[in-house]
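Read-outs: derived from the displayed coordinates by stated rules, not from any lab. Because the structure is predicted, anything quoted here is derived from the model rather than measured. Here the Cβ positions follow ideal geometry from the backbone for every residue, glycine too, while neighbour counts run over all protein chains shown.
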Amino acid sequence: MKTPAENAWMYTISSKHKLIDLNLKEIWRYRDLILLFVKRDVVTVYKQTILGPLWYLIQPLFTALTFTLIFNKIANIETGNVPPFLFNLAGISIWNYFKTCLTATSDTFKANAAIFSKVYFPRVIIPMSLVISNLVKFGIQLLIFIGFYLYYFYTGAAVKPDQSIIWFPLMVLLMGMLGLGLGMIISSLVTKYRDLKFLLNFGVQLLMYVSAVMYPLALMREKLPKFAWIVEYNPVAYIVESVRFMLLSEGVLSTYGIVFTIIVTLIVSFIGLVIFNRTEKTFIDTV
């Protein structure tokens, strides 16, 4: 006769009535599935394109060149001792990671409705895998930045990394978590309010201009002090500014800004995970 331990179920499916359910244990149990989705995303995104991964290189290079011509040559925005192209490329590279994380995760429920309706697994695995797979794209763009960095360094430009560069992985982690948290919130809202999807691209573009991507944070305080608060209360701007300081020793590394960013990122990530886990139980009825 079997003992009670032998008769115990491995998994129990039941209704959940918790107000806050992060579901972290189940996410950890499905960690192998996250790796499979990451591999899928990396392999299939550009599988049937002509240029393939070269798109990872073309987009930031042309954007940095455009910003250099418009904001530095025409608008005469100063970038200190750092070459304008390198200044813009640094900001664009870290911004693109946030942008791709946000836009990709914000369409999770709608884009994966077919698979969600057929098989069960923690739905949050999909946006988490997107954030991880986007690290590959960011890594490629970072290599391009390093290539131009070495070129300018050996041609006599006054560029050097700051000793605080050891905190660079933390900035990347914060950017990914912030994009993931906001993306999960938007994805949950899009299941009921489809208009948000149309506003997202416009909102992301507007957010870029108030995130100090193409200008130093000090310039906003100097030229438009009445509106500087818009940038100063933007955690993305502090990450962009901090990354440029770490890589180029240009700008300011604000302790207050980093602490503010960490607090906001943790709050946004927590709220996003709670809302996402609650939405996944009923979204199939509205998508």
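FRET efficiency for K160 and V210, Cβ-Cβ distance as r, R0 = 22 Å, nearest 0.05? Computed FRET efficiency for K160 and V210 comes out at 0.15.
If you plug the beta carbon distance of I70 and A218 into 1/(1 + (r/R0)^6) with R0 = 22 Å, you get a FRET efficiency near 0.65. Dimensions of segment 151-240 based on its C-alpha atoms, expressed as ranges along the principal axes with the largest first, amount to 55, 32, 22 Å.
Between the helical axis of 31-44 and the longest alpha-carbon principal axis of the chain there is an angle of about 50 degrees. Rg and Dmax over the alpha-carbon atoms of segment 54-105 stand at 12.1, 37 Å. Divide the volume of the convex hull around the Cα atoms of segment 39-175 by the residue count and you get 141 Å³ per residue. Note on K281 and Y30: the model spin-label points, each 7 Å out from Cα along the C-beta direction, lie 1.6 nm apart. For the residue pairs K39/K281; K160/K226; K25/K99; K73/K223, the C-alpha atoms sit more than 24 angstrom apart in K39/K281; K160/K226; K25/K99. Against the chain, whose longest principal axis comes from its Cα atoms, helix 84-105 is set at around 10 degrees.
In debye, nearest 20: dipole of the chain around its Cα centre with unit charges on the Cβ of K, R (+) and D, E (-)?
720
Rounded to the nearest 10 degrees, the angle from helix 195-209 to the longest Cα principal axis of the chain is 30 degrees.
Starting at 0 and stepping by 5 Å, how many percent of the alpha carbon pairs of segment 24-285 end up in each bin? Taking every Cα pair in segment 24-285, the percentages come to 1, 6, 12, 16, 18, 16, 13, 9, 5, 3, 1, 0, 0. For segment 76-155, the alpha carbon positions stretch 58, 25, 14 Å along the principal axes, listed from largest to smallest.
Could you work out how far the C-alpha centroid of segment 143-209 sits from that of segment 90-112, in angstrom? That distance is 9 Å. Ellipticity at 222 nm from helices only: DSSP H runs of n ≥ 4 in the chain, each -39500 (n - 2.57), divided by the residue count, give -20500 deg cm²/dmol.
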